[in-house]
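The values are calculated or read from the model by the stated rules, or taken from the named source; none is laboratory data. Since we're looking at a predicted model, the values are computed, not measured. Ideal geometry is used to build each Cβ from the backbone, glycine not excepted, and the neighbour counts take in all protein chains shown.
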Amino acid sequence: MRAIFGCAGPALGADERAFFRDAKPWGFIVFARNVESRDQLRKLAGDLRESIGDEAAPVLVDQEGGRVMRLKPPQWHARPPAAQLGALYPDAPEAAREAVYLNARLIAYDLCEVGLTVDCLPVLDVPVEGADAVIGDRAFGRDPATVIDLGRAAMEGLSDGGVLPAMKHMPGHGRATADTHMALPRVATPQDVLSATDFVTFRSLNHCPLALTAHVVYQAIDPQRPATTSPKVIRDVIRGEIGFEGLLMTDDISMNALSGPISVRAKAALFAGCDVVLHCNGKMEEMREVADEGKPLEGLPLKRAQAALSQLRPAQSFDPAAAEARLAELLKTA
């Protein structure tokens, strides 16, 4: 089924197990509410896969560092926000690239250890003055070239660590004047400016296997619908100008930027051209609505899903203690 679901707590309930068995979503996502310890999280990831009979099913997480970390201290190391890493770049770009790579590699090490295989990272948005703080220090900086260079390093660190990267939020969330968890932002910037700043980061890294959409209206392209539910944005910008050929998933469709029943949101996103609907809050009644509109994973979406998972490779040899020490050394200069 063309969906990714969350679950309610740290253990899979009988109703959830039965629902997932019947719905057979493509994958799952975990949040802080699902995380207690390494052993518990490893078991949950295994139980989620077992519920649909697919040992290779992706289990995703948002583990960026800074404000957005689902695996938290003291069980796991704190990780710096992207902006702290990006602050190294103007004076020491090589050190910044190394720091970003090591940071992503260490994140991947933590995720692999508990059976998580996709990180919703890197954030390739380019924030501008006056935008809502929802992106803020989650971005590497305000210069597209910096974001591209460091975004590439993050992708490489995750991939070398046995975790697939999923870039966000396509085609660009940096100008949003509202937090999409709460409201729908509208961006009035001309398309040529968007192309040169917001879209270029994704275009330069369009080989990323997975991507999440932005719940943002780009008035110059489609004044009615956010990217997630806009056939024009997905066709002309994401698949067209950006040239993204990987698996396109929605950002969480339970966020308040989208309106209407969950079933309508899911149907609109799939109709617009998203390959998979992401539903995160673990509410059973909403997941059933998504399942009612969910379509089987077949055709081009299936090929994209298979192509994405084919890029998952075993983690390369790695010394986490040495990497932690080197990263700390690099960050002292930030």
Note: among Ala145, Ala154, Ala166, just one is in a helix (DSSP H, G or I), of a type in the set (A, V, I, L, M, F, W, C) and within 15 Å of the chain's Cα centre (by Cα), namely Ala154
Please name all residue pairs, on different chains or six or more residues apart, with Cβ atoms under 7 Å, provided the first residue is in the range 107-118 and is small (Gly, Ala, Ser) and the second residue is surrounded by fewer than 20 Cβ atoms within 10 Å (Cβ to Cβ) and outside any loop (DSSP other than H, G, I, E, B). Gly115/Arg42; Gly115/Gly46
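Quick test for you: out of Arg97, Arg105, pick the one residue that is within 20 Å of Phe202 (Cβ to Cβ) and either touching a Cys at 6+ places or on another chain (Cβ under 8 Å) or basic (Lys, Arg) (or both).
Arg97 is the lone residue from the list that is within 20 Å of Phe202 (Cβ to Cβ) and either touching a Cys at 6+ places or on another chain (Cβ under 8 Å) or basic (Lys, Arg) (or both).
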Those residues that are surrounded by fewer than 21 Cβ atoms within 10 Å (Cβ to Cβ), of a type outside the set (Ser, Thr, Tyr) and out of contact with any Phe, Trp or Tyr (no Cβ under 9 Å at 6 or more places or on another chain), I need them from the range 189-199; list them, please. Pro190, Asp192, Val193, Ala196
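Pick from Arg17, Arg49: which is part of a helix (DSSP H, G or I) and closer than 18 Å to Ala308 by Cβ? Show your work before the answer.
Values: Arg17 fails: closer than 18 Å to Ala308 by Cβ.
One residue alone meets the criteria, Arg49.
So which residues in the range 208-236 are of a type in the set (Val, Ile, Thr) and farther than 18 Å from Ala166 by Cβ, if there are any at all? Give the derivation first.
Within the range 208-236, the subset of a type in the set (Val, Ile, Thr) is 213, 216-217, 221, 228-229, 233-234.
The answer is Val217, Ile221, Thr229, Val233.
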Please work out if Leu184 is at pLDDT 95 or above and over 21 Å from Gly243 (Cβ atoms). yes
Does Phe244 count as buried (at least 21 other Cβ atoms within 10 Å of the Cβ) and among the aromatic types (Phe, Trp, Tyr)? yes
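Considering only the range 276-288, how many residues are within 13 Å of the chain's Cα centre (by Cα) and not in a strand (DSSP E or B)? Break it down into steps so the answer makes sense when it comes.
Initially, the range 276-288 is screened for residues within 13 Å of the chain's Cα centre (by Cα), giving 276-280.
Then drop every residue that is not not in a strand (DSSP E or B), which leaves 280.
Adding up the residues that qualify gives 1.
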Taking first residues from the range 1-15 that are more than 12 Å from Leu297 (Cα to Cα) and second residues anywhere that are among the hydroxyl-bearing types (Ser, Thr, Tyr) and modelled with pLDDT of 95 or more, the pairs with Cβ under 7 Å that are 6 or more apart or on different chains are Leu12/Ser51
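Taking only the range 289-328 into account, find how many residues are touching a residue at least 40 places away in the same chain (Cβ under 8 Å) and either part of a loop (DSSP other than H, G, I, E, B) or under 23 Å from the mean Cα position of the chain (by Cα) (or both).
At the first step, the residues of the range 289-328 found to be touching a residue at least 40 places away in the same chain (Cβ under 8 Å) are 290-291, 294-297, 301, 304-305, 307-309, 311-316, 318, 320, 323-324, 326-327.
Still in the list and also either part of a loop (DSSP other than H, G, I, E, B) or under 23 Å from the mean Cα position of the chain (by Cα) (or both): 290-291, 294-297, 301, 304-305, 307-309, 311-316, 318.
Of the residues in the range 289-328, 19 are touching a residue at least 40 places away in the same chain (Cβ under 8 Å) and either part of a loop (DSSP other than H, G, I, E, B) or under 23 Å from the mean Cα position of the chain (by Cα) (or both).
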Suppose the filter is of a type outside the set (Asp, Glu) and in contact with a Lys or Arg (Cβ under 7 Å, 6 or more places away or on another chain); does Ile253 pass it? yes
Name the single residue that is farthest from Leu327 (Cα to Cα) among those in the range 53-74 being free of Cβ contacts under 8 Å to residues at least 40 places away in the same chain and part of a loop (DSSP other than H, G, I, E, B). Gly53
Within the range 85-110, take every residue that is in a loop (DSSP other than H, G, I, E, B) and small (Gly, Ala, Ser) and give me the one that is nearest to Arg138 (Cα to Cα). Ala87
Which ones in the range 20-37 are surrounded by 15 or more Cβ atoms within 10 Å (Cβ to Cβ) and assigned to a helix (DSSP H, G or I)? Phe20, Ala23, Asn34
Per the list (1) surrounded by fewer than 22 Cβ atoms within 10 Å (Cβ to Cβ); (2) touching a residue at least 12 places away in the same chain (Cβ under 8 Å); (3) assigned to a loop (DSSP other than H, G, I, E, B), residue check on Gly260 breaks on (2)
